[in-house]
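First the structure, in the form of structure tokens, and then the observations on it.
The values are calculated or read from the model by the stated rules, or taken from the named source; none is laboratory data. Just so you know, these numbers come straight off a predicted model, no measurement behind them. Ideal geometry is used to build each Cβ from the backbone, glycine not excepted, and the neighbour counts take in all protein chains shown.
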Amino acid sequence: MRAMRHLWLLIGAVACTAIPDSPPRSGTLLLVGGGLDDDARAVYERFVELARRHGSPRLVVLTAATGPQDQEAIDKTEALRTWAPDVSVEVVLREASTSDTVAAIDRASGLFFTGGDQKRITARYRPAGQATPEWLAMARLLARDGVIAGASAGCAMMGEQMLLGGGNARALGIPEAEPPATGEEPAVLGPRLGHGMAFLHGALTDSHFFERDRIARVVASVLAGPERLAIGVGEDAAVEVDRENAVLRSLTSSESLLVDGTHARRDGRRVVGLRARLLPTGERVPLRALALAAKTIASSSPPPADHRDVPIAEPGQNRQLASWRLFRQAWNGPGAVRLTFDGWRVLAWRDGDAIALELEILTGS
């Protein structure tokens, strides 16, 4: 029942208590993992297509997460106009007044959050988890079947909780090798979590997932709860969330990963009971059906006795995607595959229609 509950809640309604007369589930989310190129046709065309479902689309680009906002505003506006020259595109900077921002969102059929630092988004639009007029306008947009897209930081902020940052080792409780300098506070260990934008309930989202090997910080976060599901979106990858029908769909050839930590638990230095599912292009995951078929820990197969190691890229080699190779090779089989980092490692193998994995902490706590 717990697995069913968490999987079903993944597409839970946004702000239904704030807008009692809105549909319980409506609208669409586009989670873009970052590194989005202007020629990412599948992403831009789908965003515009969703925004024009009920008439002439009006798009708003929100740059609150971005440091140099002006250049990002130009880049995203030009990219959108390349794919949809007839579409209205409006830019809202984080300094825009509440009244101007609300008016722009209420005119819109699609919002696009740019990348940067997700904490800037929540500080501006949902500080300390509190609804603002801007946030309520975004909820109204979803209630009228609009679309909200976000790249990088705009992807990471989608859940009710979000990752604030931090690396894998620190999230696992592994202290840094060098002690802090005199007068400096020691780094806080454990996953760094805070209030997200609450467009997506029951799941964390993370970006740059494979390229930055973020599986460990995601595992640490789902283990800490309360969300026990996570969607890790790779660079140039996008996942569509149809909230009404409770379906995930991968839009791109670059893959993403759905991580289920419903039954995850700490066993000494190991985290066991984790399951994952790759999301290749066109993959559709009906979450209600998946919930009915969810397996228990007792039914998971033990790891194969033999394993092979996935190599890490040498210094200077970019985007080698060792984490992606781990999950793809585990799915394709045979046997188990292992990937080792400084202080931790992951073992993965195919288990029926999912990938089972264990994470082992080698040093620290």
Task: Residues that are within 13 Å of the chain's Cα centre (by Cα), more than 19 Å from Glu49 (Cα to Cα) and of a type outside the set (D, E, K, R), drawn from segment 233-258 - done: Val233, Gly234, Ser256, Leu257, Leu258
Open item on the list: Can you confirm whether Val91 is in contact with a Ser or Thr (Cβ under 7 Å, 6 or more places away or on another chain) and either β-branched (Val, Ile, Thr) or modelled with pLDDT of 95 or more (or both)?
Closed with: yes
TODO: Just give me the residues in segment 334-363 being closer than 19 Å to Gly167 by Cα, in contact with a strand residue (DSSP E or B) (Cβ under 9 Å, 6 or more places away or on another chain) and outside any strand (DSSP E or B), in sequence order.
DONE: Gly343, Leu362, Thr363
Open item on the list: Which count do you get for residues in segment 214-269 that are on the phi > 0 side of the Ramachandran plot and in contact (Cβ under 8 Å) with a residue 40 or more places away in the chain?
Closed with: 2
Open item on the list: So in segment 217-232, with the set limited to residues that are within 12 Å of the chain's Cα centre (by Cα) and under 15 Å from Gly273 (Cα atoms), which one is modelled with the lowest pLDDT?
Closed with: Leu229
Task: Matching option when the condition is over 19 Å from the mean Cα position of the chain (by Cα) and either surrounded by fewer than 18 Cβ atoms within 10 Å (Cβ to Cβ) or under 21 Å from His54 (Cα atoms) (or both), among Ala143, Ala169, Ala149 - done: Ala143
- [ ] Would you point out which residue out of Val48, Val61, Val43, Val32 is aliphatic (A, V, I, L, M) and out of contact with any Ser or Thr (no Cβ under 8 Å at 6 or more places or on another chain)?
- [x] Val48
- [ ] List every residue pair whose Cβ atoms lie under 6 Å apart, where the two residues are 6 or more positions apart in sequence or sit on different chains, the first residue falls within segment 92-118 and is in contact (Cβ under 8 Å) with a residue 40 or more places away in the chain and buried (at least 18 other Cβ atoms within 10 Å of the Cβ), and the second residue, located anywhere, is in a loop (DSSP other than H, G, I, E, B) and of a type in the set (Val, Ile, Thr).
- [x] Thr114/Thr63; Thr114/Thr66; Gly116/Thr66
Task: Residue list for segment 241-262, restricted to those being at pLDDT 90 or above, surrounded by fewer than 23 Cβ atoms within 10 Å (Cβ to Cβ) and more than 18 Å from Phe327 (Cα to Cα) - done: Asp242, Arg249
